[in-house]
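This report concerns only the one structure given below.
Read-outs: derived from the displayed coordinates by stated rules, not from any lab. Keep in mind the model is a prediction, meaning the values are calculated, not measured. Here Cβ is always computed from backbone atoms with ideal geometry, including for glycine, and neighbour counts include all displayed protein chains.
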Amino acid sequence: MLMELHPEESNITGRKLMEQGGVHDRKEMVVQLHVEEGDFSLLGPRTSECPSGLSDKPLSCFGCGIGWFLFVMGFALPPLWYYATVLYFQKYYLKDPRERSGLAASAIVALICSIAVLISLIAVFA
């Protein structure tokens, strides 16, 4: 692993990490560390879509993401929680990692809802 330190500005320090796995395998990642008056924030890798490493693309469904949208709408229509659970298990969050928490919350609520319905059915028919 090769590490080079490149200061870009007075308050930004950039590190370029290069990892070589084989003769033709080469992975490169640029990580920036912002330092402002004792506050630190680590930025992700740079891409062609987002050169700063930050995700500038807004989330779908009114800016809260599909997971949280389905979570909230599931209180009116509970099958939406099951749809979000399917998306979670199909790893929809790999497209945008910010979706993971909402989809996981919907999956948990779907499990709780299923248990409540099962207990209710057992109480009624037993």
Among residues other than Gly67 whose Cβ falls under 13 Å from its Cβ, what is the net charge (Lys/Arg +1, Asp/Glu -1)?
-> +2
Computed E for Phe62/Phe89 - FRET, C-beta separation, R0 35 angstrom, nearest 0.05 = 0.90
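Suppose R0 equals 35 Å; then what is the FRET efficiency for Ala76 and Ala126 from their Cβ-Cβ distance, rounded to the nearest 0.05?
0.70
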